[in-house]
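For reference, the structure discussed in these notes is given below.
The values are calculated or read from the model by the stated rules, or taken from the named source; none is laboratory data. None of the values given here were measured: they were computed from a predicted structure. Please note: Cβ atoms are built from the backbone with ideal geometry, for glycine as well, and neighbour counts cover all protein chains shown. SASA here: full protein model, heavy atoms, side chains in, ligands and nucleic acids out. Shrake-Rupley method; radii C 1.70, N 1.55, O 1.52, S 1.80 Å.
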Amino acid sequence: MAKFAVILPAAGKSERFKTHQQKKKPFIELKGRPVWVRTAEQFCNRADVIQTIIAVSPEDMEFFKEKFRPNLAFMNVDIVEGGASRADSVFNALKAVRDDAEYVAVHDAARPLIVGAWIDRVFSEAVGHGAAILGTPITSTVKLARANSKAAAVIDKTIPRESLWQAQTPQVFRKDLLMKAYAMRGTLEPTDEAQLAENAGIPVSIVEGSPLNLKITTFDDFKMAEALLAILPAEKKLNALHPFADEDPKMWR
Ligand code: CTP
Ligand code: MG
């Protein structure tokens, strides 16, 4: 069985979230349990995950270690300091990955609705191809528009959506490929690790996940996550048994 280390970046500033709440999104409670704990437990309990590392900003470090000491001990999660950008946070964690990890998976701490079946899918694609991420095909009609002085923007044209996907996490790489991607980073400020790999000429597969695997960005996203948990409690609890494993991915669109 291939061995995975999992990096959970949680060192952002939650700026788009904090306009509504003065707290950072990985640390707030989602239906009674912290967002990052819900995220981490989907990985820590897997037989193929040998290490889980969370990146926390220096300003949150003391609070984080103190408040979550029992969770950290129970789930055996390592902590590193995050950096100024997401890619910096992930790089700091990459340096702490154990030598015996063959693959590295990066998953947003702020994406707590991930379930085992989707992790299975992207892990196995990464083992087959070296690098793979979860994503969803774009279902909306997409417009290219120019901002104008008002609140609205003016449409230039419609972009055909046939080949367009939204990237999600987990993003999973053979360890040497992710290290190569970082070595070739230069001044790039990527918004995900796949972009770093693309920059290094590394082919990355995109595997269909689910729109339910949402990232909490705004407070509205948080309310959606609460609602989705409420309709999927049994599935989340039964995750260790991979409750969705036999289902057609297309039903999750
Ligand atoms: N992240 C990180 N280090 C950074 C920036 C982001 O570890 N320097 C993490 C966030 O904590 C989050 C994930 O990367 O779990 C995805 O980033 P995003 O949703 O943009 O979170 P924030 O950067 O915190 O939010 P915002 O951009 O609204 O400030
Ligand atoms: Mg951000």
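Hey, among the residues in segment 40-59 that are within 16 Å of ligand 2 (Cβ to nearest atom) and not hydrophobic (A, V, I, L, M, F, W, C), which one's farthest from the chain's Cα centre (by Cα)?
In this case the residue turns out to be E59.
It is to be established whether one or more residues within segment 97-117 are touching a strand residue (DSSP E or B) at 6+ places or on another chain (Cβ under 9 Å) and part of a helix (DSSP H, G or I).
no
Cβ-Cβ distance below 6 Å, separation of 6 or more or different chains: which pairs start in segment 195-214 with a residue that is open to solvent by 60 Å² or more (accessible area, probe 1.4 Å) and end on one that is not in a loop (DSSP other than H, G, I, E, B)?
Partner pairs satisfying both residue conditions: I206/I133; I206/G135; I206/W165; P211/T136.
Considering only residues that are within 12 Å of ligand 2 (Cβ to nearest atom) and open to solvent by 10 Å² or more (accessible area, probe 1.4 Å), which ones fall in segment 8-21?
Filtering segment 8-21 down to residues within 12 Å of ligand 2 (Cβ to nearest atom) leaves 9-18.
P9, A11, G12, K13, S14, E15, R16, K18 - these are the residues of segment 8-21 that are within 12 Å of ligand 2 (Cβ to nearest atom) and open to solvent by 10 Å² or more (accessible area, probe 1.4 Å).
Quick one: in segment 1-55, which of the residues that are of a type in the set (S, T, Y) and not in a strand (DSSP E or B) is modelled with the lowest pLDDT? Lay out the reasoning, then the answer.
Narrowing segment 1-55 to residues of a type in the set (S, T, Y): 14, 19, 39, 52.
After this cut, where a residue has to be not in a strand (DSSP E or B) as well, the list is 14, 19, 39.
Working: S14: 96, T19: 74, T39: 97.
So the residue we want is T19.
Report the residue count in segment 72-129 for those that are open to solvent by less than 50 Å² (accessible area, probe 1.4 Å), more than 17 Å from K3 (Cα to Cα), in contact with a Pro (Cβ under 8 Å, 6 or more places away or on another chain) and near ligand 1 (Cβ under 10 Å from one of its atoms).
Total meeting the criteria: 7.
Would you mention how many residues in segment 22-63 are touching a residue at least 60 places away in the same chain (Cβ under 8 Å) and open to solvent by 60 Å² or more (accessible area, probe 1.4 Å)?
Of the residues in segment 22-63, 2 are touching a residue at least 60 places away in the same chain (Cβ under 8 Å) and open to solvent by 60 Å² or more (accessible area, probe 1.4 Å).
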